[in-house]
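Any read-out appearing in this document is the output of simple, stated calculations on the displayed coordinates, not a laboratory observation. Note that the coordinates shown come from a computational prediction; the quantities given were computed from them, not determined experimentally. Cβ sites come from the backbone with ideal geometry, for glycine too, and all protein chains shown count toward neighbours.
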Amino acid sequence: MVGKPAEGEYFVNREKELERLLSLTKGVEKGAASNCVLIGLRRTGKTSIIYNLAKKLRPTRIIPITINCYGLSSKSRFARLVVDTSILGYVERTGDNAYRKRLAKVLSETAKSAINKLSEVTFWEFSVKLRDSKSDEEILVEEALQYVESLAKEKGVFFAVILDEFQDIIKWGEQTLKRLRTIIQDQKRTCYLLSGSATTVMHNLVYEKRSPFYRQLFEVSVGKLENNIVKRFLKERFDTVKIKIDDSEIDKIATYCEGYPDYIQRLGLELYLLVGPGGSITVSQIERAYEDMILGLDGEFENYFKTFSPTEREILVAISREKSKASEIAREARKQVQNISKELRMLVNYSVIEKPMTGQYRIADPVFSDWLNRRFSGRDKPLGFDSYIGKFA
């Protein structure tokens, strides 16, 4: 199952994390919810957990809304997403289209006297400030979140606000985090799940004493799949379509994927398309399917690569070429060690690279590392390397 959240028989070994989040979230109906943080590397299945959590909340009065914070350009954009998504979530769950029509009428009225409900007042005030380019963006964020709470009170429902890729909100600074914490801790009918892939940054959010959220969030961690889980899942899926595969070939697939659920699904699908139902899988076919998978991810990886600074890009390429020590990385990037120390620290904090042992670095995502190595292959830098790196700026 590729390109969408895994569910059913494809949702494997995440049941414990899902049940913990469900128990913590459902407490909001009894005034005992715990705000949570879901921490895990990219492609380890956080989106699938969030999706399945939302499914399990459907029989309750809790309405889950998910905001993807990745790359949000401004706080006002975030605030508008919160309001729009909460309205959409409420109307879809309850079928109360009259409320949406009422809000449209509120916006068309010239006088505030047309408003007679708390949520309408909050919505009207937020909309007025949103249209004013001079409005304080921090106030917009506050009023957006207060609108969710006022809607929940007025309509007798509850909200679970899921902020995915929350590390991009953390970049907005301590003042924003302090305001968020003040709002979140005072709300009674809304609970929050903050999800992020920058593991060090997210851990610091919870456990760093200077963090506004210090010990205010219950952590649920999600890691890579254990090797035995991966191999059992692959064997079961191939058996389902009567594809023959030896244990040694399953080991090779598992080695390529390193426990990342997304890559397990993608490589499995490539092999299914290659050999078809009832076929047999060989080592050469696995290698070919792996190359096809990397090729299929080319556009996604290139866009991801663009998000890094020129120096960070050179560091990543150097590490993909098996330069693991800071001195080796600096030499490959033609820079002084002290001139890349800040970038190395940032890449570690955002879980792009990791330190498997003291003084050594590697790219956390093995497939992304292979993509980089193929794109910038060779012992020497290819012609135009520096200008090619620079074009992503």
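Some notes on this structure:
- Taking 20 Å as the straight-line reach from the Cα of Lys325, the lysines in range (excluding those fewer than 8 positions away in the same chain) are Lys335, Lys342, Lys355, Lys381.
- Principal semi-axes in Å for the stretch 58-153 [√(5λ), Cα gyration tensor, largest first]: 21, 20, 10
- Given charges at Cβ of Lys, Arg, Asp, Glu: the chain dipole, positive-most of Gly299, Val12, Leu193: Leu193
- Across the stretch 49-91 the C-alpha pair distances fall into 5 Å bins from zero in the proportions 5, 20, 26, 21, 16, 9, 3 percent.
- The amide H of Gly279, built 1.01 Å from its N in the peptide plane, has Lys244 as neighbours under 5 Å, considering only residues 5 or more places off or on other chains.
- Cα-centred dipole magnitude for the chain, charges only on beta-carbon of K, R (+1) and D, E (-1), debye, nearest 20: 860
- Label-point separation, Lys16 to Asp96 (7 Å along Cα→Cβ), nm: 3.9
- Cα-based radius of gyration of the stretch 227-296 once divided by 2.2 N^0.38 Å, which approximates compact folds: 0.96
- Taking all pairs of distinct alpha-carbon atoms in the stretch 1-122, Kirkwood radius in angstrom: 17.1
- Pairs of Cα atoms nearer than 8 Å and 6+ residues apart set the relative contact order; for the chain it is 18 percent.
- Normalised by 2.2 N^0.38 Å, where N is the number of residues, the alpha-carbon radius of gyration of the stretch 201-240 equals 1.99.
- Extended-chain gain in nm, criterion 0.36 nm per residue less alpha-carbon gap, Glu236 and Arg375: 46.6 nm
- The 3J(HN,Hα) values that the Karplus relation (6.51, -1.76, 1.60; θ = phi - 60°) gives for the stretch 147-155 are, in residue order, 4, 4, 5, 5, 5, 4, 5, 5, 9 Hz. Gly and Pro appear as x.
- Phi angles of the stretch 281-291 translate, via the Karplus equation with coefficients 6.51, -1.76, 1.60 and θ = phi - 60°, into HN-Hα couplings of 9, 10, 4, 4, 5, 5, 5, 5, 5, 5, 4 Hz per residue; Gly and Pro are given as x.
- Most positive-pole-ward Cα, Phe78, Thr176, Leu41, against dipole of the chain from beta carbon charges: Thr176
- Once Rg and the Kirkwood radius are both taken over the C-alpha atoms of the chain, their ratio Rg/Rh works out to 1.02.
- Approximate shape of the stretch 8-221 as ellipsoid semi-axes (Cα gyration tensor, √5λ), whole Å, largest first: 29, 21, 15
- Each residue of the stretch 37-43 was assigned a 3J(HN,Hα) from its phi angle through the Karplus curve 6.51 cos²θ - 1.76 cosθ + 1.60 (θ = phi - 60°); the sequence is 10, 9, 10, x, 4, 4, 6 Hz, with glycine and proline shown as x.
- Pair Leu273, Thr358: separation of 7 Å Cα→Cβ label points (nm): 4.7
- Take the Cβ atoms of Glu154 and Thr182, set R0 to 25 Å, and the FRET efficiency comes out at 0.70.
- Share antiparallel - DSSP beta bridges, the chain, percent rounded to 5: 15
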